[in-house]
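What follows is calculated from the coordinates using simple rules that are stated; it is not laboratory data. Being a predicted model, the structure only gives us computed values, none of them experimental. Cβ placement follows ideal geometry from the backbone for every residue including glycine, while neighbour counts extend to all protein chains displayed.
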Amino acid sequence: MLYLDCEPILDKKLPARIEMMKKAGVKCTNISTNAEILDEVRATKIINAGLDEIYINLDSLHKDRFEKIRKGLTFETVYKNIVDFIQLRNKLNPKMVIRMQMILQEINGDEGETWHDHWKSKIKRQ
């Protein structure tokens, strides 16, 4: 797990760290991200470095709810980054596991099933 109390995508050495762990024989490398800065360049680098698994946190499919929960993040940016990442994973490394996460709270407690169905259809591996 290449994260602890921080956003791992901020680490400019993340791709090198992933490669180093894979070369050392670590069977499963993973990170957890809010996807705010998971653009195509960063995504390509971590996928090509050999990342095995990524947890992506998106606490609502509703802009207003999401931005109340994840203060300072922009729903449209995060959502686009996630969808683009899924497409890039499908192209570069379809074996990589993507796990979507949502923290159910009072503000989003009514959308768990809809949220699950939405992402289940999108992250299905090719």
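In this structure, does Ile103 turn out to be of a type in the set (A, V, I, L, M) and more than 27 Å from Lys45 (Cβ to Cβ)? The answer is yes for Ile103. Can you pull out the residues in the stretch 92-121 that are charged (D, E, K, R) and surrounded by 13 or more Cβ atoms within 10 Å (Cβ to Cβ)? Passing the criteria: Arg99, Glu111. Checking each residue in the stretch 90-112 for being among the basic types (Lys, Arg) and more than 14 Å from Asn57 (Cβ to Cβ) picks out Lys91, Lys95. Scanning the stretch 40-75 for residues that are out of contact with any Asp or Glu (no Cβ under 8 Å at 6 or more places or on another chain) and among the charged types (D, E, K, R) yields Arg42, Lys45, Asp52, Glu53, Asp59, Asp64, Glu67, Lys68, Lys71.
Among the residues of the stretch 81-102, count how many are part of a loop (DSSP other than H, G, I, E, B) and aliphatic (A, V, I, L, M). Adding up the residues that qualify gives 2. Would it be correct to say that Ile18 is among the hydrophobic types (A, V, I, L, M, F, W, C), outside any loop (DSSP other than H, G, I, E, B), closer than 16 Å to Val97 by Cβ and under 12 Å from the mean Cα position of the chain (by Cα)? Considered against the rule, which asks whether it is among the hydrophobic types (A, V, I, L, M, F, W, C), outside any loop (DSSP other than H, G, I, E, B), closer than 16 Å to Val97 by Cβ and under 12 Å from the mean Cα position of the chain (by Cα), Ile18 comes out as no.
To keep it simple, each residue is scored yes or no on (1) loosely packed, with under 14 Cβ neighbours inside 10 Å; (2) among the hydroxyl-bearing types (Ser, Thr, Tyr); (3) not in a helix (DSSP H, G or I).
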site: Ala43; (1), (2), (3): no, no, no
site: Leu51; (1), (2), (3): no, no, yes
site: Leu61; (1), (2), (3): no, no, yes
site: Asp64; (1), (2), (3): yes, no, no
site: Lys68; (1), (2), (3): no, no, no
site: Lys71; (1), (2), (3): yes, no, yes
site: Glu76; (1), (2), (3): yes, no, no
site: Tyr79; (1), (2), (3): no, yes, no
